[in-house]
Amino acid sequence: MKLTGAQIFFECLKAEGVEVIFGLPGGVLLDLYDEMPKHDIRHILVRHEQGAAHMADGYARATGRVGVCLVTSGPGATNTVTGIATAYMDSIPIVVFTGQVPTALIGNDAFQEADIVGITRPCTKHNYLVKDVRDLARIIREAFYLAHSGRPGPILVDLPKDVINTKTEFKYPKKISMKGYKPTTEAHMGQIKRAYTAIGKAKRPMIYAGGGVISSNAAKELKQLGEQLRCPVTTTLMGLGGFPAPHELWLGMLGMHGTFRANMAVGNTDLLIAIGARFDDRVTGKLDEFAPSAKIIHIDIDPTSISKNVKVDIPIVGDCQDALKKLLQLVKESPIDDLEKVRKPWLDQIQKWKETYPLAYEQKDNLIKPQYVVEKLYELSEGKGIIATEVGQNQMWAAQYYHFSEPRTLLTSGGLGTMGYGLPAAIGAQAAFPDRLVIDVAGDGSIQMCIQEMITAVENNLPVKVAILNNQYLGMVRQWQQLFYEKNYCATCLKIAPDFVKLAEAYGALGLRAHKPDEVESVIREAFASPKPVIMDFVVNPEECVYPMVPAGAAMTEMLLA
Amino acid sequence: MRHILGVLVENQPGVLSRVAGLFSGRGFNIESLTVAETLDKGVSHITLVTTGDEMIMEQIVKHLNKLVNVIKVIDFREVKFVDREMALIKVKAEADTRAEALRITNIFRGKVVDVCQHSFTIEVTGDEGKIQAILDLLSQLGIVEVVRTGKVAIARGRKNSTKR
Ligand SMILES: Cc1ncc(C[n+]2csc(CCOP(=O)(O)OP(=O)(O)O)c2C)c(N)n1
Ligand SMILES: [Mg+2]
């Protein structure tokens, strides 16, 4: 039987197991939206296409499945670019479908035409312009496969109007054959053995894990490896939740706002085991002084991540989970002698660092400390929330004080640092898990960048809880101005602000506010108890700074501590 | 250091801009680039001349391999190869210099492919050294314009490159 492009589109989504699309229609998508009600698929109407991309991303991070969004040509498509770039930097599997003007008009500056394939080429893993409806099913199949396999990433598929309404024979391709795409997933046993030999010789080894551990579902293996090697573990921002924070071997996050002990450990380790991490400049600081006395093992699925900026001694290309399983097998076959004794001096040293400078703040009884809000959120959610964050100080405090224990519970824009990410990402996660507690730890600046999605949450009964750490500043930028620009607070003050409680009410959500430390708990309790989306406005100490802080370009061990 | 890479790509729209965009986006250099179909119409071969130290070359090769439309990258640092380039050289040819221009062309096994009142256009093929040498000689007569193809390269011996 012959089907239209629109019908094929929905058949393919069904075959891929897609349950929800985040989207917003327009002229070239009319045929597609006309077809939609005939299919068993949930559509969540967003209010801005950036929101659609972030929702698909939040959905993907929380579930591990591919997130999908659908937007119209021209401005609809360009509005997704920030969301696509965000997913690209953090290797998140989403498929973005964009409408396009009819093929005959492409290149003519037609109404609402944009070369979105050209625009997104550098920020997608791959993208397609479907020129012939006969290619549609194959391309959609490839798009989903590319999105989640190898190093995951966003894929864009551009759908011209005539492709959507032309008929062709439909057959969903069972097999995929792409000559140029064969990611290495199996780690090389020889390299694993070399790595284990190095581990056996190390006195002060540490594991530095990143988002790759989350995307390859290797948290369990990571914990086993840490324990069986008695090896302390730090993670990047993207890796949080990949190792349980309450664990005795947990070092806390490393990097610019990492813990004292994690950064000191990096400065002193003799063997750094990097797993699914990419030596981002926010993690390494000054490159020459990063892990200066260490041999480096690097496990990553993407060969381009290896020896990109830090020379690696033992590279292992492959899926993190596969590599860890193989390593664990070696540990089992030939355990390290006297492990407890060998590790003791190193673990004692780390304990000392931990006691010298733990993460700390002081909550006095006048102004609310933002860290206190995050700790209360942790406590009252029993650590079981899915936490989205915006970007800035709020993001760093969420990372430091919500003690993540499970993978896929932190949704944050790590690589691109996109303000406005948190609320739509939280909505995407809530759409996947209607019964879980989903919280957006927000800043008063960032929340205004995608605030329009509050109504999407209300309309779809997605009861996300937004906790604004309202410091009346673009706080993270203000912090740099305070520390490095003599408090020249140019263009960072947000004192002229909307009333967030009234704003919540205007959207039909619940608005709550706390001015005093002793109001924090009751506000959180009320928010958690409400069946509605909520905005909590926590009026916090305006000039609080995030510490520790490694100034840009300094070595990791040169931290400002207060 | 200067290096030659051969890149086999799927003959898809936009593939050249993916390759070029990779170089510009990551700050790698392209000195020259040539591209044409292989025997298989679905596959094109790009010869690319680039510069970079060991670490950069490794990154370039890895990044090229990562592109979904790239089927294979041949790193000519690792194999024996032959490379050639063609130049079309328009040289001044007045009554007193015509004979010299022809003589040089013959020595380099070039061909005169166009003759005008005041100039010859000469086609010459060879490795870089040869092209440079003829350019040096002809420049004494006055070169009006030069167009060069950039290198093409192929591995020596048995099927290593263009055959899949
Ligand atoms: C879209 C975007 N624009 C600008 C920035 C630069 N930036 C980083 S943090 C920050 C301040 C964020 O302010 P707020 O949301 O109030 O968070 P706070 O740091 O105060 O917690 C800014 C402007 C960014 N990361 N993203
Ligand atoms: Mg703020």
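Miscellaneous remarks
- Only one entry of B:VAL91, B:VAL49 meets the criterion of being touching a residue at least 60 places away in the same chain (Cβ under 8 Å), in contact with a strand residue (DSSP E or B) (Cβ under 7 Å, 6 or more places away or on another chain) and of a type in the set (Val, Ile, Thr), and that entry is B:VAL49.
To keep it simple, each residue is scored yes or no on (1) within 21 Å of A:GLY26 (Cα to Cα); (2) open to solvent by 10 Å² or more (accessible area, probe 1.4 Å); (3) among the hydrophobic types (A, V, I, L, M, F, W, C).
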{"residue": "A:ILE92", "(1), (2), (3)": "no, yes, yes"}
{"residue": "A:GLY99", "(1), (2), (3)": "yes, no, no"}
{"residue": "A:ALA110", "(1), (2), (3)": "yes, yes, yes"}
{"residue": "A:LYS131", "(1), (2), (3)": "yes, yes, no"}
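- Only one entry of A:MET206, A:MET189 meets the criterion of being touching a residue at least 60 places away in the same chain (Cβ under 8 Å) and surrounded by 24 or more Cβ atoms within 10 Å (Cβ to Cβ), and that entry is A:MET206.
- Count of residues meeting criterion [in a loop (DSSP other than H, G, I, E, B) and touching a Lys or Arg at 6+ places or on another chain (Cβ under 6 Å)] in the stretch A:505-540: 1
- Test: residue in the stretch A:428-435 that is of a type outside the set (Lys, Arg) and more than 23 Å from A:LEU45 (Cβ to Cβ): no
- Residue check for B:VAL73: of a type in the set (A, V, I, L, M) and within 11 Å of chain A (Cβ to nearest Cβ): yes
- Residues that are farther than 27 Å from B:VAL152 by Cα and of a type in the set (Gly, Ala, Ser) were ranked within the stretch B:80-128; the one that is most open to solvent (accessible area, probe 1.4 Å) is B:ALA95.
- Output for the stretch B:1-37, where each listed residue is of a type outside the set (A, V, I, L, M), away from chain A (no Cβ under 13 Å) and open to solvent by less than 30 Å² (accessible area, probe 1.4 Å): B:HIS3, B:GLY6, B:SER32, B:THR34
- The single residue among A:GLU486, A:GLU526, A:GLU521 that is under 20 Å from A:VAL550 (Cα atoms), surrounded by fewer than 18 Cβ atoms within 10 Å (Cβ to Cβ) and more than 16 Å from ligand 1 (Cβ to nearest atom) turns out to be A:GLU486.
- Residue match in the stretch A:55-71 (condition: away from ligand 2 (no atom under 16 Å from the Cβ), over 14 Å from the mean Cα position of the chain (by Cα) and surrounded by fewer than 24 Cβ atoms within 10 Å (Cβ to Cβ)): no
- Considering only residues in the stretch A:305-325 that are open to solvent by less than 20 Å² (accessible area, probe 1.4 Å) and away from chain B (no Cβ under 14 Å), the one that is nearest to the chain's Cα centre (by Cα) turns out to be A:CYS320.
The rows are residues; the columns are (1) of a type outside the set (A, V, I, L, M, F, W, C); (2) more than 14 Å from chain B (Cβ to nearest Cβ); (3) open to solvent by less than 10 Å² (accessible area, probe 1.4 Å); (4) within 26 Å of A:GLN393 (Cβ to Cβ).
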residue	(1), (2), (3), (4)
A:LEU272	no, yes, yes, no
A:ASP288	yes, yes, no, no
A:PRO292	yes, yes, no, no
A:PRO303	yes, no, no, no
A:LEU327	no, yes, yes, no
A:LEU330	no, yes, no, no
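- Residues that are within 16 Å of ligand 2 (Cβ to nearest atom), open to solvent by 10 Å² or more (accessible area, probe 1.4 Å) and in a loop (DSSP other than H, G, I, E, B) within the stretch A:446-470 are absent altogether.
- The one condition in (1) away from ligand 1 (no atom under 16 Å from the Cβ); (2) more than 30 Å from A:ALA562 (Cα to Cα); (3) at pLDDT 95 or above; (4) open to solvent by less than 70 Å² (accessible area, probe 1.4 Å) that A:LYS376 fails to fulfil: (2)
- When A:GLY383, A:GLY414 are checked against the criterion of being within 13 Å of ligand 1 (Cβ to nearest atom) and either farther than 16 Å from A:VAL466 by Cβ or without any contact (Cβ under 8 Å) to a residue 40 or more places away in the chain (or both), A:GLY414 stands alone in meeting it.
- Residue tally, condition of a type in the set (Asp, Glu) and either open to solvent by 20 Å² or more (accessible area, probe 1.4 Å) or farther than 22 Å from A:LYS376 by Cα (or both), over the stretch A:423-445: 1
- The condition of being on the phi > 0 side of the Ramachandran plot and either in contact (Cβ under 8 Å) with a residue 12 or more places away in the chain or open to solvent by 20 Å² or more (accessible area, probe 1.4 Å) (or both) holds for only one of A:ASN217, A:ASN165, that being A:ASN217.
- Reported count of residues in the stretch B:38-68, each being in contact with a helix residue (DSSP H, G or I) (Cβ under 8 Å, 6 or more places away or on another chain) and open to solvent by 20 Å² or more (accessible area, probe 1.4 Å), is 4.
- Yes/no for A:GLN430 being closer than 19 Å to A:MET256 by Cβ and touching a strand residue (DSSP E or B) at 6+ places or on another chain (Cβ under 7 Å): no
- Per-region count, the stretch A:281-315, residues modelled with pLDDT under 95, among the charged types (D, E, K, R) and part of a loop (DSSP other than H, G, I, E, B): 3
- Qualifying residue in the stretch A:413-422 (condition: more than 14 Å from chain B (Cβ to nearest Cβ), more than 22 Å from A:TYR88 (Cα to Cα), within 16 Å of ligand 2 (Cβ to nearest atom) and at pLDDT 95 or above): no
- Boolean, A:ASP440 is in a strand (DSSP E or B) and at negative phi: yes
The values are calculated or read from the model by the stated rules, or taken from the named source; none is laboratory data. In this text, all values refer to a predicted model and were calculated from it rather than measured experimentally. Positions of Cβ are generated from backbone atoms using ideal geometry, with glycine treated the same way; all protein chains shown enter the neighbour counts. Each accessible area value is taken on the protein alone, full model and side chains, heavy atoms only, with ligands, DNA and RNA left out. Shrake-Rupley method; radii C 1.70, N 1.55, O 1.52, S 1.80 Å.
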